[in-house]
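Asks: Before anything else, here's the structure in question.
The values are calculated or read from the model by the stated rules, or taken from the named source; none is laboratory data. Given the structure is predicted, the values throughout are model-derived calculations rather than measurements. No Cβ is skipped: glycine too gets one built from the backbone with ideal geometry, and neighbour counts run over all protein chains shown. Heavy atoms of the whole protein, side chains included, go into the accessibility calculation; ligands, DNA and RNA do not. Shrake-Rupley method; radii C 1.70, N 1.55, O 1.52, S 1.80 Å.
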Amino acid sequence: MLVATRAPFGVASGSCWFGFHLSRQEGSLDLLNAIVAFANFVMLPAVAYGSQLALGALGVTMIYGILRFSNFAHGDTMAFGAMATILGTWWLQAMGVSLGPFPTALLALPAGIAATAVLVLITDRLVYRFYREQKSAPVILVIVSMGVMFVTNGLVRFVIGVDEQRFADGARFIITAREFKELTGLKEGLAIKSTAMLTVVVAIIVVALLFWFLNRTRTGKSMRAFSDNEDLALLSGINPERVVMMTWIMVAALATIAGVLYGLDKSFKPFNYFQLLLPIFASAIVGGLGNPIGAIAGGFVIAFSEVTITYAFKKVAGYLIPAWEPQGLVQLLSTDYKFAVSFAILIVVLLFRPTGLFRGKAL
Amino acid sequence: MSDPFLIGDSLSGGYGRGVDILHSCTISVNEGEIAVIVGPNGAGKSTAMKAVFGMLDLHEGSVRLGGEDISHLSPQDRVAMGMAFVPQNSNTFTSLTVEENLEMGAFLRRDDISGTMAQVYELFPVLQEKRRQTAGELSGGQRQQVAVGRALMTRPRVLMLDEPTAGVSPVVMDELFDRIVEVARSGISILMVEQNARQALEIADRGYVMVQGRNAFTDTGAALLADPEVRRSFLGG
Amino acid sequence: MTLKPRDMTLFLVVFALIAATGFLQSWNVALGILNMGLVSAIMALGVNMQWGYAGLFNIGVMGFLALGGLSTVIISKPPVVEAWDAGGSRVIFALLVGTAAIVAAILAWKRIPAGKARAPALVAILVVGFFVYRWLFDPAVAAIEAVSPARAGNLGGLGLPVLVAWPVGALLAAGAAWVVGKTALGLRSDYLAIATLGISEIIIAVLKNEDWLSRGVKNVSGIPRPVPYEIDLQNSERFVERVSGFGFDPVTASTITVKLAYAGLFLAVLLLLLWLAQAALNSPWGRMMRAIRDNEVAAEAMGKDVTARHLQVFVLGSAVCGLAGAMMTTLDGQLTPSSYQPLRFTFLIWVMVIVGGSGNNFGAVLGGMLIWYLWVMVEPLGVALIGGITAGMPDGFWLKEHLLETAAHMRLLTMGLILLLVLRFSPRGLIPER
């Protein structure tokens, strides 16, 4: 919140050089520079982060829609999936395998998903199924998921430790800031990180596959039917245990992919995944719990708000209003308060539209 | 006399360990016939039907389908045996399209379901028109058609309807009854619970009047409509 | 309600475990466990009020504890006079302006009839309020933080006795709980959970970043104590004489005396709270609370204002957590914002309540002490266990190295397993609700 005052020098933006004989053309260049700076520091990071949140929120919302509880272990499931993939990546790297410009982690991803699926299926068999058969209240399942969270978290720490792990390899950038500047002659560079691009492409593929599965296949339709009306699904002969199993496998895949993409884009640290729980749940609730489209929309709403509100607009403002030399960073909130952004959006939605933007279930 | 096609014979039972709601109650239906259960509120009409479908804990009596004792089977297993049940409330998947609702009805079938779906659309033409819309967007009467259509998709031998005309307008109700008669003509037995006793008994081959969990009167629909005591007590004169 | 012999035995077992630590290891360690165990018991009492009495799912315990910790700084540290001169009143004015903007926004929302004007008015008030607040706040904060940043950089406190901070911590937590409860109660239970999780993360972020208030990650140390200092005892001739008379080493005796003094204080607070909690639980209010928990719809139909009652118990329970937080920071003697970890300060408290027996105050106390004991002891036990397992492996073998390295993480695994096992096989806990 206070960063504005901590960098009190006003960097001379273009205005000093150009003075007031600023030509029309240079003015439009300034606008372009502002747009590029905004795209580089706000749009691209927010799109990548939004995709990661959306994938996480999809997992949460699927558990909610079909198993009917809020799974607090989801962040740690993501951590487990990422960990399993990292171990696979290390093994592949040790074997000398590489994907060229792409991160080797992509090759290890299927194994990571499989390991995570095994974990969640065992958890379901040993833990959750009992409460399902008892028809326990959702809040009991939430507490149970807390226990699962502890165990999963402990497991991850036990295997890989608490330290930060880097596992991204391959090309770092699709285009670097310098290349962009040389290419366009603009003062601002647009650096496209390959992990960010990868995140978006993979997220689009995954979401397309998910929606194809849910809307076009018999099993997918039966899952939607089960989520919609459990009793009637039973009357139609839909096997609930099969639906639950499919859900866990898909959730394991979503969680692992989200966890790996997040780890590639930022870095892997088990505790960070726990902290993702709040923005992920905020995304799912803002979009409407139980609604997959809502989860995606919610992820981007949260990501864009977080990045925009915590971005220092000094540079962009300098281009747009050259005469103004901002005192500070022109930042609404310091990045340390990014939780406050998800939280505030969450509260506003809860107050004014408790079922979320896309009308999820309000059980 | 040989057993009727489906019979709930002298059923006594209730929910869980609670008191018995049904007392030696018998409900049956023959192949291709319509049987209707009527009676005052709280008489146990729906409970009797749920007992036949296996949603109640029976203490006495048995349920037989085509001569085979199915008392021990779960509702899901009874679906596989050719019984279809349309509950009174939330009887459609509101977030699924009409067509998806029908597909879910045929979930257990592995053969080609397009023929059955065409028959359902023939029976309820409006559903074909709206097959891409979600069931939640339809009117009450149309949603009942979706519910019945979903149940028919299993190609059942018995169709059980719990107050299919609850909350629909009289015109729609007549229309629904016509369709039900049509379904029965195709050889499917129908067992239904109805609030609109008079209209229901008019189409019924068999009628059951229930009072306090017991059979009070049992006869053909026409005979019950003619019975002065039934008319006075249950049909409003 | 009285304790059954079985419950008494359970309490005795916990005390015996702690005593065994005293005899086998050291009394300093044992008393350390006891003291933190007593504080944990109070935390568990607070959570039990919310969950056990009312079925409210609060996973923001950490935030309320941290507010209690903050209160010890605000109350007991001496004021930094230059900082106050530099910008103290301006910061307070800025905060008042910020609060006024929020209140104005709420009033505007309530007063202006629904229509096209309402939402823009709300946004306008908030945006203008935010910028005015920042315009006032930022320079004041910069001025304060410029005052000898290595030593202070904050406003300091009021210089009052640290015991005053305990009820103040409760009040701070109660205030925060009121705000959260007002917005999130009455919605689904998971929404309250997420809202409390959010507020606790924000409170920690504030403590870490608002240096003018809490020195942020530079920590506040040297918080005054309600009990004597070891060094003063060792320098006191009377004390040295007396303990030497019993044949004790003065250094050890002084540390133990200090710990015993804390134990006495904590025990007194715990007993008082336990007595109050029992009285409340068995009063008509407590019965109503449980009636609401067991059947909200029926209670509402009987004319009970469920949301208002929930708010009441939510605020009360959080206040108890705030009190416990203040006590904990007093015991530590320093506020370390970065040490607040949700697994330790929120979820572990939940394990205590569930294992002890939700809905039963004695159960919460027992759970608090027992789980704290296990939390402390699992680590050395785990290390010993792994040591035993790996004894046969050659030195330098990767698996041995790895296992020894990660043995410390056994804690979370063990706590999770305990929670899952209790939930599955004894969901009513060690001392069930009666």
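Asks: On the protein heavy atoms, probe 1.4 angstrom, tell me the percent of accessible surface of segment A:49-201 carried by carbon and sulfur.
Replies: 65
Asks: Next up: How big is the shadow of the Cα convex hull of segment C:80-155, averaged over all directions, in nm²?
Replies: Averaging across all directions leaves 5.0 nm² for the Cα convex hull.
Asks: List the residues, sorted by chain then number, that are 5 or more residues from A:LEU99 or on another chain and whose placed amide H is less than 5 Å from its amide H.
Replies: Amide H to amide H, under 5 Å and 5 or more residues apart or across chains, A:LEU99 pairs with A:THR104.
Asks: What residues have an amide H closer than 5 Å to that of B:ALA216, excluding those fewer than 5 places away on the same chain, when H is modeled at 1.01 Å from N in the peptide plane?
Replies: Under 5 Å from the amide H of B:ALA216 lie the amide H atoms of B:VAL209, B:MET210, B:VAL211, each far enough along the sequence or on another chain.
Asks: Given N residues in segment B:1-117, what is its alpha carbon radius of gyration divided by 2.2 N^0.38 Å? Could you put the intermediate results ahead of the total?
Replies: Details: Rg = 15.9 Å, N = 117, 2.2 N^0.38 = 13.4 Å.
Ratio of Rg to 2.2 N^0.38 Å for segment B:1-117: 1.18.
Asks: From the gyration tensor of the Cα coordinates in segment A:138-263, what semi-axes in whole Å does the equivalent ellipsoid have, largest first, with each one equal to sqrt(5λ)?
Replies: Rounded to whole Å, the semi-axes are 40, 23, 11.
Asks: Return the carbon/sulfur percentage of the accessible area of segment C:80-155, one whole number, probe 1.4 Å, all protein chains in place.
Replies: About 77 percent, which is the carbon plus sulfur part of the accessible surface.
Asks: Using 7 Å Cα-to-Cβ label points, what is the B:HIS72/B:ARG231 separation (nm, one decimal)?
Replies: That separation, rounded to one decimal, is 4.9 nm.
Asks: Roughly how much accessible area, to the nearest 100 Å², goes out of reach of solvent when C and A pair up, both sides summed, probe 1.4 Å?
Replies: Chain pair C/A: roughly 4900 Å² of buried accessible area.
Asks: Okay, moving on. Between segment C:364-434 and segment A:201-220, how many Å separate their Cα centres?
Replies: Cα centroid of segment C:364-434 versus Cα centroid of segment A:201-220: 41 Å apart.
Asks: Heavy-atom accessible surface, probe 1.4 Å, ligands and DNA/RNA ignored: which residues of segment B:153-190 lose at least 40 Å² versus the isolated chain?
Replies: Buried on complex formation: no residues.
Asks: Considering segment A:30-352, what Rg and Dmax in Å follow from its alpha-carbon atoms?
Replies: 21.0, 71
Asks: In Å², nearest 100, what accessible area do chains A and B bury in total when the solvent probe is 1.4 Å?
Replies: Numbers: alone 18020 and 11080 Å², together 27400 Å².
Adding both sides of the contact gives about 1700 Å².
Asks: Hey, another quick one. Rounding to the nearest 10 and keeping the result within 0 to 90°, find how far the Cα-based axis of helix B:170-185 lies from the longest principal axis of chain B.
Replies: Result, in degrees: 90.
Asks: Sort A:TYR131, C:TYR229 from largest to smallest accessible area, using a 1.4 Å probe on the heavy atoms of the protein chains.
Replies: Largest to smallest exposure gives the sequence C:TYR229, A:TYR131.
Asks: Which value in nm describes the separation of the simple spin-label points at A:ARG129 and C:LYS182, placed 7 Å from the Cα toward the beta carbon?
Replies: Using points 7 Å along Cα→Cβ, the separation is 4.8 nm.
Asks: Given Cα positions, please report Rg to Rh for segment B:40-83, the hydrodynamic radius being the Kirkwood one.
Replies: 1.00
Asks: Related question: Just the number: Rg to Rh for segment A:247-363, Cα atoms, Kirkwood Rh, two decimals.
Replies: 1.07
Asks: Sticking with this structure for a sec: Calculate the length of the line joining the C-alpha centroid of segment B:36-86 to that of segment A:282-298, in whole Å.
Replies: Segment B:36-86 and segment A:282-298 have Cα centres separated by 41 Å.
Asks: I would also like to ask the following. Would you mind calculating the relative contact order of chain A from Cα pairs under 8 angstrom and at least 6 residues apart, reporting the percent as a whole number?
Replies: The value is 33 percent.
Asks: Follow-up. What order do C:MET369, C:MET393 take when sorted by accessible area (1.4 Å probe), most exposed first?
Replies: From most accessible down to least: C:MET393, C:MET369.
Asks: On to the next question. Within the set of other residues whose C-beta is less than 14 Å from the C-beta of A:VAL142, count the net charge using Lys and Arg as +1 and Asp and Glu as -1.
Replies: For residues surrounding A:VAL142, the net value is +2.
Asks: Say R0 is 25 Å: what FRET efficiency, to the nearest 0.05, do A:ALA323 and C:VAL123 get from their beta-carbon distance?
Replies: The value I calculate is 0.35.
Asks: Same structure again: Counting only C-alpha contacts under 8 Å and six or more residues apart, can you give the relative contact order of segment A:105-235 as a whole percent? Working shown, then result.
Replies: Details: 55 pairs, mean separation 15.4, N = 131.
Answer for segment A:105-235 is 12 percent.
Asks: With a 1.4 Å probe and all protein chains kept in place, how do A:TRP212, C:TRP212 rank by accessible area, largest first?
Replies: A:TRP212, C:TRP212
Asks: Are there residues in segment C:331-352 whose accessible area shrinks by at least 40 Å² when all protein chains are included rather than the chain by itself, and which are they (probe 1.4 Å, ligands and nucleic acids not counted)?
Replies: Buried-area filter returns C:LEU343, C:PHE347.
Asks: While we're on this one: For segment A:280-349, with all protein chains present and a 1.4 Å probe, just round the carbon and sulfur fraction of the accessible area to a whole percent.
Replies: 73
Asks: Separate question: For the residue pair C:PHE15 and B:SER24, what label-to-label distance in nm results when each label sits 7 Å from Cα along the Cα-to-beta-carbon direction?
Replies: 6.6
Asks: Could you work out the relative contact order of segment C:80-155, using alpha carbon pairs under 8 angstrom and six or more residues apart, expressed as a whole percent?
Replies: 51
Asks: To the nearest 10 square angstrom, what accessible area does C:TYR262 show with a 1.4 Å probe?
Replies: About 10 Å², rounded to the nearest 10.
Asks: Now for a different question. Within a Cβ distance under 14 Å of C:GLN234, other residues only, what is the Lys/Arg minus Asp/Glu net charge?
Replies: Net charge around C:GLN234: -3.
Asks: With a Förster radius of 56 Å, plug the Cβ-Cβ distance of C:LEU95 and A:ARG242 into 1/(1 + (r/R0)^6) and report the FRET value to the nearest 0.05. Please list the in-between numbers first.
Replies: On the way: r = 57 Å, r/R0 = 1.01.
Between C:LEU95 and A:ARG242 the formula returns 0.50.
Asks: Something else: Let me know the shape class of chain C, please: from the alpha-carbon gyration tensor, a ≥ b ≥ c as square roots of the eigenvalues, rounded when a/c is under 1.5, otherwise prolate if a/b is greater than b/c, or oblate.
Replies: Oblate is the answer for chain C, as a/c is 1.5 or above yet b/c matches or exceeds a/b.
Asks: Treating the angle as unsigned and between 0 and 90°, give the value, to the nearest 10°, between the Cα long axis of helix B:140-152 and the longest Cα principal axis of chain B.
Replies: Approximately 90 degrees, to the nearest ten.
Asks: Ok, one more. Sorted from largest down, give the three principal axis spans of the alpha carbons of segment C:264-368, whole angstrom values.
Replies: Dimensions of segment C:264-368 along the principal axes of its Cα atoms: 49, 29, 24 Å.
Asks: Sticking with this one: On a 0 to 90° scale, report how tilted helix A:194-216 is relative to the longest principal axis of chain A, with both axes built from alpha carbons and the result rounded to the nearest 10.
Replies: Taking Cα atoms only, the helix is inclined about 40 degrees.
Asks: While we're looking at this one, here's another question. Calculated FRET efficiency, C:ARG428 and A:LEU209, Cβ-Cβ r, R0 56 Å, to nearest 0.05?
Replies: 0.80
Asks: Give me the accessible area per residue for the protein assembly as shown, probe 1.4 Å, as a whole number in Å².
Replies: Working: 43620 Å² over 1034 residues.
Heavy-atom SASA per residue in the protein assembly as shown reads 42 Å².
Asks: Cα convex hull of segment C:242-299: how many Å³ per residue?
Replies: Spread over its residues, the Cα hull of segment C:242-299 gives 95 Å³ apiece.
Asks: A further question on this structure: Just counting partner chain Cβ atoms within 10 Å, what average do the residues of peptide C:406-413 show around their Cβ?
Replies: Numbers: counts 7, 1, 4, 10, 3, 3, 11, 8.
Average per residue, whole number: 6.
Asks: Cα-Cα pairs above 27 Å in chain B: how many percent? The partial results should precede the final answer.
Replies: Values: 9015 of 27966 pairs.
That tail contains 32 percent of the Cα-Cα pairs.
Asks: Related question: Ignoring everything but the protein chains, give the 1.4 Å probe accessible area of B:HIS72 in square angstrom, nearest 10.
Replies: Its heavy atoms expose roughly 140 Å² to the probe.
Asks: Now for a different question. How big is the protein assembly as shown by the Kirkwood estimate over distinct Cα pairs, in Å?
Replies: 33.0
Asks: Residues with amide H under 5 Å of B:LEU56's amide H, sequence separation 5 or more or different chain, H placed in the peptide plane at 1.01 Å from N; which?
Replies: Amide H to amide H, under 5 Å and 5 or more residues apart or across chains, B:LEU56 pairs with nothing.
Asks: So, counting K/R as plus one and D/E as minus one, what does the shell of residues with Cβ under 12 Å around B:HIS59 add up to? Intermediate results must be reported in sequence, preceding the final value.
Replies: Details: positive: B:ARG17; negative: B:ASP20, B:ASP57, B:GLU60.
Net charge in that neighbourhood comes out at -2.
Asks: Determine how large the accessible area of B:ASP162 is when every protein chain is in place; take a 1.4 Å probe and give Å² rounded to the nearest 10.
Replies: 10
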